[in-house]
Amino acid sequence: MKKNGFWKGFGSGMILMVLIVTLCVTATATSKRSIQVEDGIGITLNGAKFTPRNVNGKEVSVFLYNGTTYVPVRAICEAMGLDVSFNSATRTVVLTTADRTASQQQGSTGTASSNYITVERAKQIALNDAGVKESSAVFLRANLDWDDGRMQYEVEFYSGNTEYDYDIDAITGAILSSDRELENFQIWNNTSGNSGSAASGNYITAERAKHIALAECPSGSTVVKCQFDWDDGRAEYEVEIRNGWTEYDFEIDAVTGTIFSRDIDNDRW
């Protein structure tokens, strides 16, 4: 009888232990917990009330917890023009900006995506409206952006002593806004085909500006931006370089190659 009682008690203990282990594993796997939050938080987008909803159209709550505002990532990001997907294998929310999505869709051929006109088409629309030939224009910017609730191309270029700025609907190609200003300078194209050394009436090339900036940085640095611009009455290249957590910013005279501004910031990526 004692033996039977022992095994009976032992069996009950094993069942209890299994239940405890099972509960612990379940709690660890799901990481569920109860928290107290502050509800009733509203959101505005471009001055208008925005109500986030899930894929089924049901309203999703926004709340505060420990001083941090929590919002539904898909609703917010899609409202800002980002592409949102979920990688179930890595359990990762994948966010992609509109310009990256468009460039991936367009591919190396530059053909139009299913939704957006190409950047080349946007540039041509701006040139046609301005009455400027492409060979006479120097483009400073032509990029896809999200503004006023729509995708648009921001196109900026110079021709002669005039600066042209256009906002073009990325889907229809309609000109949303345009502006032109007279500037007290003349654009010259460097057509000499040399390595980028300065010449009378010419600018150094972007590649030359990159080399000048890289020579001031540690080995292994990478150029992440090199943009031609006009500032303070002179043409310049704005060059941004990264090396680990350090960012180097240079402003280089586009005629002489002289570095007239530099800045170094330690920053995590």
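Can you pull out the residues in region 139-160 that are open to solvent by 30 Å² or more (accessible area, probe 1.4 Å) and aliphatic (A, V, I, L, M)?
Scanning region 139-160 gives a single hit, A142.
Can you tell which of N184, N190, N194 is open to solvent by 70 Å² or more (accessible area, probe 1.4 Å), assigned to a loop (DSSP other than H, G, I, E, B) and either at pLDDT below 90 or at positive phi (or both)?
N184
In region 50-63, which residue that is over 25 Å from the mean Cα position of the chain (by Cα) and at pLDDT below 80 is least open to solvent (accessible area, probe 1.4 Å)?
G57
Before we move on, is S34 in a loop (DSSP other than H, G, I, E, B) and at pLDDT 75 or above?
For S34, the condition - in a loop (DSSP other than H, G, I, E, B) and at pLDDT 75 or above - is met.
Let's see how each residue does on (1) farther than 15 Å from G173 by Cβ; (2) outside any helix (DSSP H, G or I); (3) at pLDDT 75 or above:
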position	(1), (2), (3)
I76	yes, no, yes
G81	yes, yes, no
S85	yes, yes, yes
L95	yes, yes, yes
R100	yes, no, no
S108	yes, yes, no
I117	no, yes, yes
R121	no, no, yes
A126	no, no, yes
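The values are calculated or read from the model by the stated rules, or taken from the named source; none is laboratory data. Not measured: the values here are computed from a predicted model. Positions of Cβ are generated from backbone atoms using ideal geometry, with glycine treated the same way; all protein chains shown enter the neighbour counts. With ligands, DNA and RNA removed, areas are computed over all heavy atoms of the protein, side chains included. Shrake-Rupley method; radii C 1.70, N 1.55, O 1.52, S 1.80 Å.
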